[in-house]
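To start, the structure under review is shown below, and the notes come after it.
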Amino acid sequence: MFQPTDISLPHLRAGVHEALKLWSKPNDDTSPLSHLYLFHQAGQTRSANARRLTNDLLLQALTTMEDRYDAFLADLLRRRFLENTPVAAVANEKNIAEATAHKKQRQAIEQLADILAGQERLARQAVITALEQRLNLPAPTDLFGVNAYLKRVGDALLSPEPAWLVAIEGLGGIGKTALANAVIRRVALTHHFQQIAWVSAKQQEFWPGLGLQLTVQPALDSETLIDNLLAQLGEESPEMVSPQQKMALLTERLKAQPHLVVIDNLETIVDFESLLPLLARLANPSKFLLTSRVMPPQAGLASIRLTELSRADSFDLLRHEAGLHHMTSLAEASDEQLGRIYQVVGGHPLALKLVIGQLHSLPLSQVLDSLRQAQGKKVDDLYTFIYWQAWSVLAESSRQLLLVMPLVQNGTIDQLATTAQLTMGDLHDALAQLITLSLLEVSGTIDQRRYRIHRLTETFLLNEVVKWPKTP
Ligand SMILES: Nc1ncnc2c1ncn2[C@@H]1O[C@H](COP(=O)(O)OP(=O)(O)OP(=O)(O)O)[C@@H](O)[C@H]1O
Ligand SMILES: [Mg+2]
């Protein structure tokens, strides 16, 4: 039910061949191409049975093949399947041996599958780009050791029955947001939900000027959450003022058609425990996907707890990150060397990424030595150590930029420049250093990059650096 994102060509070729064979068979409600997004998209715009939708797809691809690729092969497929001509007759017409006709047919099916795969990729990309922009999603990253989680969460969301509330639970930095982000990108390709909404419940810490005075805005409450949700679903009505009316509108919307509502960082909402029964009432047929560092029990809620990555998955993550940052020696490091990092850091994905980043400027032994002080302590302390170490290698401009990031979360480069009061040259250097160290996350489009810091980085800045006694 829950499809992987890659398009498997052998699978698609087999499906195309099967679909061609079924071309003129009686109407049918199943399709060998039903795994394609294109198939579901066609079903949205036109009400027809599966056979007709499948034939439409084949015909479109065949026309493209005729016009732009290989008219001979396209015609061979037409004669064979659309007009149901035996191979021997087609071979005869085309003046080729029967064995050659078989070979050409195989080639033609491969080409048709390639064309469909190309169209499928474009269609999926369009959906994902629209989703990213509408929901302002974090950029996708390569994730390790998550296949079983992806399937569990995906299946739970796509099953048209309880649980209506699905929670991803786990420590800060363990990968809850990343997993939710990966899941909804797949769910969006199924047409299962009328719309997907994503609200981030994180309270905005506000930091006036560059001063050291920290003020915290009131944390998000359920009423604001409902406002945000209505806005995302495009339901903004100026006359509608009372919370009851808003609630009624939201209920009506979520009850009429299945929607998927993601609430990221649920635990930061004021009184979030009392919100759960409310969400339970709003759900069915809509589903809620919650991420939270803590999750109290709630009737009808399925909770999936993320745990540390295994040793093997941690190694994959380390090697992958090393490759991304062009750290050849680390990418080729032995299991024994990587084992030393894993032994100290454990399978905490964000911590592993931060440590890798530091190896650009510090030798492994030094990074590990100082982290050993955190060994056996709570994960929070591990992060504090890692962050202090990263801080110690930062250039002044990078520190200046990092310190203002809580004010310009998800900001554009211009907003960053203004707030950090850096020249463009210094800003670029600072960005490069912070990205290398995995202290800054980049999302958005090529034209409009956006920058944000992780919540744990923010906590470190606000709780540690701000309180750090400055030497005159
Ligand atoms: N399985 C994984 N493989 C590779 N990278 C991962 C994995 N899980 C998480 N990451 C990366 O680790 C970082 C932290 O993950 P994420 O932000 O999802 O944590 P979180 O659990 O949502 O934390 P918080 O509770 O603070 O919101 C991100 O950069 C993410 O891309
Ligand atoms: Mg998160």
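Here are a few things to note about the model shown:
- Against the test of being in contact (Cβ under 8 Å) with a residue 24 or more places away in the chain and closer than 30 Å to V183 by Cβ, the options H17, H40 yield a single qualifying residue, H40.
- In summary, H325 fulfils each of the numbered conditions (1) over 18 Å from A167 (Cβ atoms); (2) within 16 Å of ligand 1 (Cβ to nearest atom); (3) in the same structural domain as K176 (by TED's automatic domain parsing) with the single exception of condition (3).
- Of all residues making up the range 24-49, the number that are more than 17 Å from G118 (Cα to Cα), touching a helix residue (DSSP H, G or I) at 6+ places or on another chain (Cβ under 8 Å) and open to solvent by less than 50 Å² (accessible area, probe 1.4 Å): 4
- Answer from L122, L116, L112 - the residue that is open to solvent by 80 Å² or more (accessible area, probe 1.4 Å) and closer than 24 Å to E18 by Cα: L122
- Among the candidates L434, L401, L427, residue that is within 29 Å of the chain's Cα centre (by Cα), closer than 26 Å to R293 by Cα, at pLDDT 90 or above and open to solvent by less than 10 Å² (accessible area, probe 1.4 Å): L434
- Pairs with Cβ under 8 Å, 6+ apart, first in the range 166-181 and within 27 Å of P277 (Cβ to Cβ), second near ligand 2 (Cβ under 8 Å from one of its atoms) and open to solvent by 20 Å² or more (accessible area, probe 1.4 Å): G172/R455
- For L135: the one exception among (1) away from ligand 2 (no atom under 16 Å from the Cβ); (2) touching a Phe, Trp or Tyr at 6+ places or on another chain (Cβ under 7 Å): (1)
- Test for V379: is it at pLDDT below 95, open to solvent by less than 20 Å² (accessible area, probe 1.4 Å) and hydrophobic (A, V, I, L, M, F, W, C): no
- Verdict on E161 being assigned to a helix (DSSP H, G or I) and not basic (K, R): no
- Within the range 143-201, tally of residues that are open to solvent by 40 Å² or more (accessible area, probe 1.4 Å), within 15 Å of ligand 1 (Cβ to nearest atom) and hydrophobic (A, V, I, L, M, F, W, C): 4
- Scanning the range 283-298 for residues that are open to solvent by less than 30 Å² (accessible area, probe 1.4 Å) and within 12 Å of E161 (Cα to Cα) turns up A283, S286, K287.
- D67 vs. criteria open to solvent by 40 Å² or more (accessible area, probe 1.4 Å), of a type in the set (D, E, K, R) and in contact with a His (Cβ under 9 Å, 6 or more places away or on another chain): no
- Residues that are under 23 Å from M327 (Cβ atoms) and assigned to a helix (DSSP H, G or I) within the range 424-455 comprise H428, D429, A430, L431, A432, Q433, L434, I435, T436, listed in sequence order.
- When the range 29-53 is filtered for residues that are in contact with a Phe, Trp or Tyr (Cβ under 7 Å, 6 or more places away or on another chain) and hydroxyl-bearing (S, T, Y), only S31 remains.
- Considering each residue of the range 244-252 in turn, none proves to be touching a strand residue (DSSP E or B) at 6+ places or on another chain (Cβ under 9 Å) and open to solvent by less than 30 Å² (accessible area, probe 1.4 Å).
The values are calculated or read from the model by the stated rules, or taken from the named source; none is laboratory data. Here the structure is a predicted model, which is why all the values come from computation and not from measurement. Don't worry about glycine lacking a Cβ; one is built from the backbone with ideal geometry, like all the others, and counts go over all protein chains shown. Areas reflect the complete protein model, heavy atoms only, side chains present, ligands, DNA and RNA absent. Shrake-Rupley method; radii C 1.70, N 1.55, O 1.52, S 1.80 Å.
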